[in-house]
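Data first, discussion second: the structure below is written as structure tokens.
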Amino acid sequence: MRPDRRKFLQTAAATGALLATGIPETIAAPDIHLRAIPTTGEQLPVIGMGTWITFNVGSDLRLRDARTEVLRTFLDNGGRFIDSSPMYGAAEDVLGYALKRLGTSVVKPFAATKVWTRRKSNGPRQMAKSERLWGVQRFDLMQVHNLVEWRGHLETLADWKRQGRVRHLGITTSHGGRHEEMQAVMSDPDIVPMLDTVQFTYNIVDRAAEARLLPLAAERGLGVIVNRPFQRGGLIDLFAGKPLPAWAEEIEAATWPQFLLKFIVSHPAVTCAIPATSRVDHMIENLAVLRGPLPDAAMRRRMADYVRAL
């Protein structure tokens, strides 16, 4: 365990913040940061959950049960938005396993996945398979993954939405790529009315989305889902051993992951960020961002300046 994470958990235990289940009492309180999907007004907690790599554990029952506990912690303590994709190996199958085991003991998640195939004709079959794997009758959000065959899939999805087979539609890109194409789609007056959300990479080091994508999403009334908030853990490794500034206490950021997430979700155009984790303690750490103060514009500049100087 990295030193900053260990310190966070030890401090919580020492002050009696952890219950017998290992979950802080503060996480169970209802006063969490919510943001709306502008097109529908649906309120979502600003911290969601990704499943890339972390839930791709195949048929190993021990690992599947461990991921079930991660999901239980997420849903029991304020989380709701879960994101996956057929691209993520066994992740959707593992999610379905976990959701079935949890049953009605947890709140109903906001289920989001993607269509990822180069043939429009294959889209309906792939999406139906995702429904079976998750064990859901319809998805709350279906996204076109990495803009693959986006025109064709959006036509299909628009039809599904009219039929009530999906609630929200979106498009995605990742790794900071294809921003020009994403911007063009978000600017198309014929396409924008079909969309509810966009998903792309944004973090304190990769801030390219601030130039056009984030302002454009706000202008077009689109929800923003942020992927790769830690650059697959690369940012955690980058800052390991480096001190948090003393003034991080002003926003109640006790660890680097909390510092990084608070920077992201404090942007007014961001609906939620979707960090992925395979560990319950890290999930607790991420969910702490649902509460407490978020940075204002001046603090965000201070945070970015601090990181740039490291």
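The values are calculated or read from the model by the stated rules, or taken from the named source; none is laboratory data. If you're wondering where the values come from, they're calculated on a predicted model, not measured in any experiment. Reconstructed Cβ throughout: ideal geometry from the backbone, glycine too, with neighbour counts over all protein chains shown. Note: accessible area is taken over every heavy atom of the protein model, side chains too, but ligands, DNA and RNA are not part of it. Shrake-Rupley method; radii C 1.70, N 1.55, O 1.52, S 1.80 Å.
Structure data summary
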{"read-out": "Packing-based order for 73-80, 148-155, 206-213, using average beta carbon neighbours within 10 Å, highest first", "value": "73-80, 148-155, 206-213"}
{"read-out": "Percent carbon-and-sulfur accessible area, the chain, ignoring ligands, DNA and RNA, probe 1.4 Å", "value": "52"}
{"read-out": "Relative frequency of Cα-Cα separations exceeding 26 Å in the stretch 72-227, percent", "value": "26"}
{"read-out": "Fraction of the pair-distance distribution of the stretch 154-310 above 28 Å, Cα-Cα pairs, percent", "value": "26"}
{"read-out": "The chain - share of DSSP beta bridges that are antiparallel (%, nearest 5)", "value": "15"}
{"read-out": "Cross-link reach list, aspartates and glutamates versus K120, counting only Cα pairs under 12 Å and skipping chain neighbours closer than eight places", "value": "E149, E155"}
{"read-out": "For the chain, accessible area per residue (1.4 Å probe, heavy atoms of protein chains only), Å²", "value": "43"}
{"read-out": "Contour minus Cα-Cα distance for R302 and E155 (0.36 nm per residue)", "value": "48.6 nm"}
{"read-out": "Set of lysines with alpha-carbon distance to K262 below 22 Å, sequence-local pairs under 8 removed", "value": "K7, K242"}
{"read-out": "Whole-Hz ³J(HN,Hα) from phi, Karplus 6.51 cos²θ - 1.76 cosθ + 1.60, for the stretch 291-297, glycine and proline x", "value": "10, x, x, 9, x, 8, 4"}
{"read-out": "Simple spin-label estimate for K108 and D237 in nanometres, 7 Å along Cα-Cβ", "value": "4.1"}
{"read-out": "Within straight-line cross-link reach of K114, lysines at Cα separation under 19 Å, skipping those fewer than 8 residues along the same chain", "value": "K129, K161"}
{"read-out": "Per-peptide average of other Cβ atoms within 10 Å, ordering 254-260, 186-192 highest first", "value": "254-260, 186-192"}
